[in-house]
Amino acid sequence: QEHAYPADELMPLTCRGRVRGQEPSRGDVDDALGKFSLTLIDTLDTLVVLNKTKEFEEAVKKVIKDVNLDNDIVVSVFETNIRVLGGLLGGHSVAIMLKEKGEYMQWYNGELLHMAKELGYKLLPAFNTTSGLPYPRVNLKFGVRHPEARTGTETDTCTACAGTLILEFAALSRFTGTSIFEEYARKALDFIWEKRQRSSNLVGVTINIHTGDWVRKDSGVGAGIDSYYEYLLKAYVLLGDDSFLERFNTHYDAIMRYISQPPLLLDVHIHKPMLNARTWMDSLLAFFPGLQVLKGDIRPAIETHEMLYQVIKKHNFLPEAFTTDFRVHWAQHPLRPEFAESTYFLYKATGDPYYLEVGKTLIENLNKYARVPCGFAAMKDVRTGSHEDRMDSFFLAEMFKYLYLLFADKEDMIFDIEDYIFTTEAHLLPLWLSTTNQTISKKNTTTEYTELDDSNFDWTCPNTQILFPNDPMFAQSIREPLKNVVDKSCPRGISRAEESLGSGPKPPLRARDFMASNPEHLEILKKMGVSLIHLKDGRVQLVQHAVQAASSLDAEDGLRFMQEMIELSSQQQKEQQLPPRAVQIVSHPFFGRVVLTAGPAQFGMDLSKHKAGTRGFVATIKPYNGCSEIANPEAVKEKIALMQRGQCMFAEKARNIQKAGAIGGIVIDDNEGSSSDTAPLFQMAGDGKNTDDITIPMLFLFSKEGNIILDAIREYEAVEVLLSDKAKDRATIFKGKMIPNYIIDSS
């Protein structure tokens, strides 16, 4: 409220609101923003869980008075449904509960529900497709097909985008008695079920909304599919419709057969489910152990959760994606709550205090590494600890809720959480909706093609009496073998792709062994349907045409070879790139909390070898471009010099400031508005000559990050920074120095 209201999100580094159109576009991420005070709506029911009833009452009044849903803005149907429609319905659910208790919200008359219904009608135009699958985006004011809508040309949507609507839409129908919402959401789910790959019972990641053809044919339990599975099981819990449970169990059987490779969950091809589709996992799959708890399948939930926890212990946070041998694949972490969610559900199911320790670690890491003066900042890179100017609404909607519930006793709660089901955004919907306004005739469309092992139906909701026959060590005995699974020293088990070859023939050619000059290798490629194209610049390009392979087995070998080749080339590219560096502001009032992502230099001190980094006060040089002799050496001596990019080589700037006595340099981009949020990492190249004479560290900041330092100089004059390969925690920075009390208190 203090910094960002009524914006959709808080920008925690610059302490202002993120308003769409006023900040550089971040692409699809911005589709969640609709100028409808997103974070406020998403956080309503969190306030009641946290027992902040007065604040909830004020927040609801603000939403009713200030929020406008009729904006000419294109938003994601999926995000708007789970965050805004879900937020309004969750707010309404707890508002009527409080009103009934007789102390708070006595004035409330369903205003949030009226807004939810208005928003529901604004999302309906997206469903105007022959398949019933919604368009991925809708204009809140003009819908989809209207000439001013600026959307409606898309052909694809993700499975989760179309399959994560039933809880909110059915709740809206049940609360209001208007059946159309539930009907539309059911139709979309029915269509996905019809289009599942019949031989594997898996679904792909993206689907054509007009034809129903799978566009991306890989399948997993992470991004793009995750909450589709979650909503099938939860739709059964909330609506009591057996067909949803049968569908879920059919899919679950396939997931455990093909995707689950304990403790890993690996994407596979829907048509060839024994073939892994990639060698990395994304962080969204962290929700899956929680869903397994709801299903009652505890052992694999404990195993996957433990593996994820080992990754977190290594990097402080779960990177957005990591490889099967637990290296970082995508280094960002936008403070996602899925792991905390699974931790909460595992604690509920096992009562094992180990999961309280896990929760404590999560809270300590958030306070230590993500907390900044105006909130909590997403991690730009878990390896360096640098921040992004971003705090998504789900952080307050979900992370705070699950962590509070993990530690809350029954007497800490003003209502019984067991009376509600959580949506995928952790909004609360009351279970009594299952018997209200049942306007849909239940027809069972599932059984006709389900042939399942009956043991799949043995359990649906966890019953601790059966799961843990008086054995408090049960969960620990499952975790124990996984304790060192992430350790570098631990040899990687062979992958299923390799295993399936077993004692049979080994792959005819591995990507790492391939040589374009070896005629024997070229012969093998030909057999696998892979052809070699020589490019003008001397490089070679590989193309596979499965139809040209000698047999279907050879074609499969060819596919595997191509995948290995892609992995190998992306690994080599990564190895050529220097990792990002960190600029940490350590002086008052930042005290190490603000960490900026910096580009490295291919010359000067290598900060990865000087772990302590270089610490000093900053000084702006004259001339600001640093391209000639420094005119203010007395100001620069023993300081870290700030200069602007442009007009000469980076190495020349470095030599000039080194000569003036600087102990390090920061080059700030001259392209106004550039930011590490939207631009790829930048490396400063040498000048083609020997640069061994440059011994000081040099780092590059984009304009937005550079301005954070320049603004700090304007406000506080003396600004001290630490240049390092990885942000240091505050205990290390202030070793032997006084830390202000409030820094200690809040961390």
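The values are calculated or read from the model by the stated rules, or taken from the named source; none is laboratory data. Every value quoted in this text rests on a predicted model; they were computed, and no experiment measured them. We place every Cβ from the backbone using ideal geometry, glycine too, and count neighbours over all the protein chains shown. SASA here: full protein model, heavy atoms, side chains in, ligands and nucleic acids out. Shrake-Rupley method; radii C 1.70, N 1.55, O 1.52, S 1.80 Å.
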Roughly how many debye, to the nearest 20, is the charge dipole of the stretch 581-743 about its Cα centre, given +1 on each Lys and Arg Cβ, -1 on each Asp and Glu Cβ, and no other charges?
-> 560
Given charges at Cβ of Lys, Arg, Asp, Glu: the chain dipole, positive-most of S173, I533, F700 | F700
Mind checking the full-extension length gain between M256 and K637? Use 0.36 nm per residue of separation minus the Cα-Cα distance, one decimal, nm.
-> 130.8 nm
Point-to-point label distance, E567-D28, nm (Cα→Cβ direction, 7 Å offset) | 2.3
Which value, in Å² rounded to 10, gives the accessible area of C627 with a 1.4 Å probe and all protein chains present?
-> 30
Simple spin-label estimate for D213 and S628 in nanometres, 7 Å along Cα-Cβ = 6.4
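Roughly how many Å² is the accessible area per residue of the stretch 581-743, as a whole number, for a 1.4 Å probe?
Working: 7170 Å² over 163 residues.
Per-residue value: 44 Å².
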Charge dipole of the chain built from unit charges on the beta carbon (Lys, Arg +1; Asp, Glu -1), centred at mean Cα; most positive-end Cα among T164, A254, G385 is G385
If R0 = 60 Å, then Y5 and R512, at their Cβ-Cβ distance, give a FRET efficiency to the nearest 0.05 of 0.65
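Report the calculated FRET efficiency for Q602 and E418 (r = Cβ-Cβ distance, R0 = 45 Å), to the nearest 0.05.
On the way: r = 58 Å, r/R0 = 1.30.
FRET efficiency, Q602 to E418: 0.15.
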Calculated from DSSP helices alone, with each H run of at least 4 adding -39500 (n - 2.57) and the total divided by the residues of the chain, [θ]222 nm to the nearest 500 comes to -10000 deg cm²/dmol
Separation in nanometres of the label points that stand 7 Å from Cα toward Cβ, at E652 and R198 = 7.0
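Can you tell me the accessible area per residue over the stretch 88-202, all protein chains present, probe 1.4 angstrom, in square angstrom? Provide the component values of the computation, followed by the final result.
On the way: 4150 Å² over 115 residues.
In whole numbers, the stretch 88-202 has 36 Å² accessible per residue.
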Of the options Y404, I298, T614, report the single residue whose Cα projects farthest towards the positive end of the charge dipole of the chain (beta-carbon charges: Lys, Arg +1; Asp, Glu -1).
-> T614
Considering only protein heavy atoms and a 1.4 Å probe, what is the carbon-and-sulfur percentage of the accessible area of the stretch 581-743?
-> 53
Among K99/K122; K380/K639; K295/K410; K117/K217; K360/K380, which pairs are too far apart, with a Cα-Cα distance over 32 Å?
-> K117/K217
Residue span N128 to D72: 0.36 nm per residue of separation minus Cα-Cα distance leaves a gain in nm of 18.2 nm
Among 602-612, 557-567, the order from most to least packed when residues are scored by Cβ within 10 Å on average = 557-567, 602-612
Heavy-atom accessible area of the stretch 78-191 with neighbours in place, 1.4 angstrom probe: carbon+sulfur share in percent works out to 50
Toy charge model, Lys and Arg Cβ at +1, Asp and Glu Cβ at -1: the stretch 184-271 dipole around Cα centroid in debye, rounded to 20, equals 160
For the stretch 389-426, list residues with backbone N below 14 Å from a point placed 7 Å from the Cα of N367 toward its Cβ?
-> 404
Report, in debye and to the nearest 20, how large the dipole of the chain comes out about its Cα centre when Lys and Arg carry +1 and Asp and Glu carry -1 on their Cβ.
-> 1580
Ratio Rg/Rh [Cα only; Rh per Kirkwood] for the stretch 581-743 = 0.95
Sort K234, K368 from largest to smallest accessible area, using a 1.4 Å probe on the heavy atoms of the protein chains.
-> K368, K234
Using the heavy atoms of the protein chains and a 1.4 angstrom probe, tell me the accessible area per residue for the stretch 8-76 in square angstrom.
-> 38
Working with all protein chains in place, sort W280, W107, W330 by solvent-accessible area computed with a 1.4 Å probe, largest first.
-> W330, W107, W280
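Would you mind getting me the FRET efficiency between H534 and Q476? Use the beta-carbon distance for r and R0 = 51 Å, nearest 0.05.
Working: r = 58 Å, r/R0 = 1.14.
It comes to 0.30.
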